[in-house]
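The values are calculated or read from the model by the stated rules, or taken from the named source; none is laboratory data. Note that the structure is a prediction, hence the values are computed from the model and not measured. Backbone-built Cβ (ideal geometry, glycine too); neighbour counts: all protein chains shown.
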Amino acid sequence: MDYLMDKDMDLAVEDGDFLRGEAGDRNELAHLVTAPGDWKQYPELGADLARQLNDEAGGNLYRAVADSMGRDGYRVKGARISDGKLRVDAEDQDA
């Protein structure tokens, strides 16, 4: 069970309690938009997508996504930008 996030990536709260459940796609999104050091308990997590997209050298997107998500039990088969959208092919090894 995970603590759930709302659409703004804040902790979801209902009736004064944090919501828990299966994070699903939100967990994957959190890996992409956060940077290493953003998570106190797991400082190595985060692909820092904004920096990866603005990196003139390029080529590190797959490695950053695979490294961050791999540390959390995902197997990343691919990550690419297609038609202006990021496509990540990954599966949760814990599921």
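Count of the stretch 78-95 residues, restricted to those that are in contact with a strand residue (DSSP E or B) (Cβ under 7 Å, 6 or more places away or on another chain), exposed (fewer than 13 other Cβ atoms within 10 Å of the Cβ) and more than 22 Å from residue 22 (Cα to Cα), is 2.
Restricting attention to the stretch 37-54, the residues that are of a type in the set (Asp, Glu) and either within 15 Å of residue 81 (Cα to Cα) or in contact with a Ser or Thr (Cβ under 9 Å, 6 or more places away or on another chain) (or both) add up to 2.
Please indicate, with yes or no, whether at least one residue in the stretch 48-58 is touching a Lys or Arg at 6+ places or on another chain (Cβ under 8 Å), modelled with pLDDT of 85 or more and among the charged types (D, E, K, R).
Scanning the stretch 48-58 turns up no residue that is touching a Lys or Arg at 6+ places or on another chain (Cβ under 8 Å), modelled with pLDDT of 85 or more and among the charged types (D, E, K, R).
Report whether or not residue 35 is aliphatic (A, V, I, L, M) and touching a His at 6+ places or on another chain (Cβ under 6 Å). Judged against the criteria, residue 35 is not a match.
In summary, helices (runs of 4 or more DSSP H) completely within the stretch 1-71 and bearing 3 or more residues that are among the charged types (D, E, K, R) occur at 25-33. For residue 28, the criteria (1) without any contact (Cβ under 8 Å) to a residue 60 or more places away in the chain; (2) under 18 Å from residue 3 (Cβ atoms) hold in every case but one, which is (1).
Could you figure out which of (1) more than 30 Å from residue 1 (Cβ to Cβ); (2) surrounded by 15 or more Cβ atoms within 10 Å (Cβ to Cβ); (3) hydroxyl-bearing (Ser, Thr, Tyr) isn't true of residue 34? Status for residue 34: all satisfied but (1). Here residue 20 meets the list (1) without any contact (Cβ under 8 Å) to a residue 24 or more places away in the chain; (2) surrounded by 12 or more Cβ atoms within 10 Å (Cβ to Cβ); (3) in contact with a Phe, Trp or Tyr (Cβ under 8 Å, 6 or more places away or on another chain) almost entirely, failing just condition (2).
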